[in-house]
Structures are given as structure tokens and as C-alpha cells.
Amino acid sequence: MNILVVSNVFPPGFVGGFELGALEVATGLADGGHKVTVLSGDYFLDETEESSPIEVRRILNCAPMSHELGDQAARHIQGTYFDFHNIRRMANSIRSLQIDLVLLFNIQGLGALSILRFLSATRMPTIAYLMDNPLHGLDRNSIASQRYESVFGASILGDNIRYIAMSRNVMQQFSESLGQPRSAHLFVPGWIHVEQYGTGAISPRRDLPVRFVFCSRIAPHKGIDLVLDAAEALVGQGVRNFSVDYFGQGQVAQLIQSIRARGLDRYVSYRGSKPKTEMVRTFEDYDALLFPTWEREPFGFVVSEAAAAGCVPIMTARIGASEWLIHEVDCLKIGRTSVALKNAMHHLIALDAEARSEFRRAARRSARQYLSFARWMPVIESECCSAGLLPAGAARAATVGVQAAFQYLGSLWREAGRDDQVD
């Protein structure tokens, strides 16, 4: 099968787990004998290394990540609603490469809504792989949305677009942004590669501090302050047999300053940032992962990675990863408050060494059995093959007429907005 992958950013440069996930799926499909071509933006201008046997064409505009100077509000509108340059490039690729299936990953910033509308109008077999909500930030009550719908009509997508989602959480977010109920054809969790992990036994750690780890973006929405609040509360209650290590990039200076200002140097440390391949083994040194991230978290690959190492996830209850693990069996789910986090940490600290080790073993068993890439890649490939059975020939031909229609509608939309103030 001939597959066109679309992603706003594609490795070797990447922003987060979405791009790395796109690479692994694209590589898995290529390894399965499919021809894979990637359309992506050129945000990382110094990229020269590509991922053979995948052809990567970095020819798309990604408005929020553009290196061009200009009005950021206008670029946000362009990236969210309409970018005819990207429509034209995608349509030309579909026709010239004789594409059987379009596989969308993160299209945020590419004119996401218009891409979905275009593929729906052409009836091109399409799968939107939702590792996050590509319409995040779309305000359906804004002037821009009202203007867009007055020209293009309501955002009704056809059944030629199928969805693979990491969680019900992200599927609901997407549906709410679109203003149209949609359902996933397949749910696939954030995976791990079992072969990257050790196979040694998890033995009880007696008379040692319980070791907690935070590994994510060092940013408020990931819960860095909630972790400090919880640690400070434990110390205030006289609980001293624990440590917290932070790994990641972001607001590092502010984090270190806050640790010192609170007098937590003895218990909390910043340990730098490690590549993912190193971090998966580092998790084996810890009893639990602290992940009090925001509730809109689509999944959180780090939960799977930590659990597979025998590091018990303590996570926000409503995030995507929480849908795949069981509270008090292989994880702890909490409300997103410092009190709830402190109580969960204290619960783990209070367990005897053997019970804590068994908790860790349960997390490792669940992750390695249910969340492995080897388990899920054949399922993803099967869904792609099923979607690709839709007639693609007529859809390829239709791209010419629909492309012309989108060019005309785009000019009307821009004309209608000339007198509007950017909201």
C-alpha cells in the first residue's frame, strides 16, 4: 500500500512524543512492506539526516512554528483554519504518488481544519491518528470561526476519515473542538519497547528512602509545583524517608530556585535531562513516577515507560494513560491537587518493602503485557489496510476540482476578514 504521512514536525528534530510516535508508526509500516512518504514542515532548518526507507518532504508551512516574522495572531488563525499552500502540496502529492491512504498525525499549525475538510470532500481514504487534539486552541465562538463557517459551512466530516485515538479523553477533546461528535475506530495506548528494559528481579529495598521521580517538561501544566507542595507538606508532617528527582527541560532555573527557597534541598533535586533511551533504564532506580499533569493530557508516554521499568505511576486520574491502568493494582490515580498527591506519596512510603516491591512488579507486568509496541503495531497496520480498501482512484481525481474550490473559498474567507479585527 502507498501511504502518505502528514505531520507538522518529523524527526530527527522533534518537539515531543507525537512526532516520535509518528516516526515509529511510519517506520513500522515501511518495515511491513508499505511505501511511506512523509510531508512535514521545515522547522528544524539544519536537518540533513533522514530516516530511510522513508522519504521525507519538508515542504509544508507550519504557521505557529514558522521562522518568518509577522503577526502571531494571524499565523495562529492560518495554522488552525486554512493554509492553501499546504492543501495544494498535499493534493499534488496524493495524485503524483498514487496514494492509497493518508495518515494524519499532528496537523496543528498546518491549517488543520481545512486539511480535514479537504480530505473529507475528496473522499480520500484517511486516518487521523490522535495522539493529541490537532484542533486545540480553536475557539468555535470566535469571530474567525464564525467567518470561516459563513464561507465554508459547518465542519461536517465524512465517514472516509477514520480515527485512531490514544484515549477517550483526546477523542472527546477533538469532538468538542470540531463541534461534531466523532468516535474512534481504534484505541491504541502509548507504547513501550520491551527489549529496551532490563529483566532483573525487583527486590525489596529495605531501610532506604522511597524514591520518587518526575520526568516531563519542567512546566506548571505538568504539575511541577504540585510536587513541591506535596514534598513540603510531607516534610512538615515529619515524613523524611523519601526523595524526589526531577528530569526534563523547561523552567529549570525557576524550579531550582523554588527548591532552595522552600528548604527542600535535602529531599528534592534536579538531575538534568536524559535521552529517552537512557531514561527508560533510569526509571528502574525509582519506586514511583509523579505525574500530576493537567487533565487534558491526551495520554502521557512517560507513564507507560515508567511502569514498564517497575516504577509505579502516580498520575492525574482523568488523563489518557489512566484509562489503561487500574488504580491500586498497577498505579495510583489522584485528583489534581497537592493534597491528593501528598496522600498518594505517603501511601507508598507507608507500605512495607515487600508490598511496595509487589506493587512495582504489578506495574511492570501490566505495561509489558498490554502496552508493548510489538503488540500494537500489527493492529495499527491492520487498521490502515482496512481503511485503504476504500476506493482511492476517484478520490485522487477529485483532488483537482476540490483544490480549485478550496482556493476560491479561501479567497472569499480572506476577503471577508479584511475588515474584521483579529480576535
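The values are calculated or read from the model by the stated rules, or taken from the named source; none is laboratory data. All values reported here derive from a predicted model rather than from experimental measurement. Glycine gets a Cβ as well: all are built from the backbone with ideal geometry, and neighbour counts include every protein chain shown.
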Exercise. Within segment 263-282, can one find any residue that is closer than 17 Å to A363 by Cα and among the hydroxyl-bearing types (S, T, Y)?
Worked result: yes
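On the basis of being at pLDDT below 95, in a strand (DSSP E or B) and in contact with a Leu (Cβ under 9 Å, 6 or more places away or on another chain), does I59 make the cut?
Yes; evaluated as a whole, the condition is true for this residue.
Here are G198, G223: which of them is assigned by TED's automatic domain parsing to the domain that holds R360, in contact with an Asp or Glu (Cβ under 9 Å, 6 or more places away or on another chain) and either within 29 Å of V252 (Cβ to Cβ) or not polar (S, T, N, Q) (or both)?
G198
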Exercise. When you go through N106, N169 one by one, which is the residue that is more than 15 Å from L409 (Cα to Cα) and part of a helix (DSSP H, G or I)?
Worked result: N169
Exercise. Residues of segment 328-339 being part of a strand (DSSP E or B), touching a Ser or Thr at 6+ places or on another chain (Cβ under 9 Å) and either buried (at least 24 other Cβ atoms within 10 Å of the Cβ) or of a type in the set (A, V, I, L, M) (or both), which ones?
Worked result: C331, I334
Exercise. Restricting attention to segment 83-103, does a residue exist that is touching a Phe, Trp or Tyr at 6+ places or on another chain (Cβ under 6 Å) and either assigned to a loop (DSSP other than H, G, I, E, B) or not assigned by TED's automatic domain parsing to the domain that holds A144 (or both)?
Worked result: no
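Pull up segment 107-158, narrow it to residues that are among the charged types (D, E, K, R) and more than 24 Å from the chain's Cα centre (by Cα), then point me to the one that is farthest from A398 (Cα to Cα).
It comes out as R147.
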For this session: Give the residues of segment 281-296 that are surrounded by fewer than 20 Cβ atoms within 10 Å (Cβ to Cβ) and assigned to a helix (DSSP H, G or I), sorted by residue number.
Result: R281, T282, E284, D285
Exercise. Can you name the residue in segment 223-254 that is in a strand (DSSP E or B) and in contact (Cβ under 8 Å) with a residue 40 or more places away in the chain and is also farthest from L290 (Cα to Cα) among such residues?
Worked result: F242
For this session: For segment 255-273, enumerate the residues that are polar (S, T, N, Q) and assigned to a loop (DSSP other than H, G, I, E, B).
Result: S273
Exercise. Does at least one position in segment 142-161 carry a residue that is in a strand (DSSP E or B) and either surrounded by fewer than 24 Cβ atoms within 10 Å (Cβ to Cβ) or at pLDDT below 90 (or both)?
Worked result: yes
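Look through L186, L113 and report the one residue that is in contact (Cβ under 8 Å) with a residue 24 or more places away in the chain and either closer than 30 Å to D42 by Cβ or surrounded by 22 or more Cβ atoms within 10 Å (Cβ to Cβ) (or both).
Of the residues listed, the single one that is in contact (Cβ under 8 Å) with a residue 24 or more places away in the chain and either closer than 30 Å to D42 by Cβ or surrounded by 22 or more Cβ atoms within 10 Å (Cβ to Cβ) (or both) is L113.
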Exercise. Counting only residues that are surrounded by fewer than 24 Cβ atoms within 10 Å (Cβ to Cβ) and in contact (Cβ under 8 Å) with a residue 24 or more places away in the chain, which one in segment 317-327 is farthest from R365 (Cα to Cα)?
Worked result: R318
Problem set entry | V303 being modelled with pLDDT of 95 or more and over 24 Å from T199 (Cα atoms) | no
Problem set entry | Residue within segment 357-366 that is assigned to a helix (DSSP H, G or I), over 30 Å from L20 (Cα atoms), assigned by TED's automatic domain parsing to the domain that holds E284 and under 32 Å from the mean Cα position of the chain (by Cα) present | yes
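Taking segment 162-183 as the search range and keeping residues that are hydrophobic (A, V, I, L, M, F, W, C) and closer than 21 Å to G21 by Cβ, which one is surrounded by the most Cβ atoms within 10 Å (Cβ to Cβ)? Working first, answer last.
First pass over segment 162-183, keeping only residues hydrophobic (A, V, I, L, M, F, W, C): 164-166, 170-171, 174, 178.
Keeping just the survivors that are closer than 21 Å to G21 by Cβ gives 164-166, 170-171, 174.
On the way: I164: 24, A165: 26, M166: 29, V170: 25, M171: 22, F174: 22.
Looking at the filtered set, the residue picked out is M166.
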Exercise. Where residues in segment 176-222 are aliphatic (A, V, I, L, M) and in a loop (DSSP other than H, G, I, E, B), which of them is farthest from the chain's Cα centre (by Cα)?
Worked result: L208
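Would you mind stating whether G179 is in contact with a strand residue (DSSP E or B) (Cβ under 9 Å, 6 or more places away or on another chain) and at positive phi?
So G179 does not fit the description; no.
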Exercise. Quick one: would you say A309 is modelled with pLDDT of 95 or more and surrounded by 14 or more Cβ atoms within 10 Å (Cβ to Cβ)?
Worked result: yes
Seminar exercise, completed: With criteria (1) crowded, with 23+ Cβ neighbours inside 10 Å; (2) of a type outside the set (G, A, S); (3) part of a strand (DSSP E or B), F299 comes up short on (3)
Seminar exercise, completed: Those residues of segment 384-394 which are surrounded by fewer than 19 Cβ atoms within 10 Å (Cβ to Cβ), of a type outside the set (G, A, S) and part of a helix (DSSP H, G or I) amount to C385
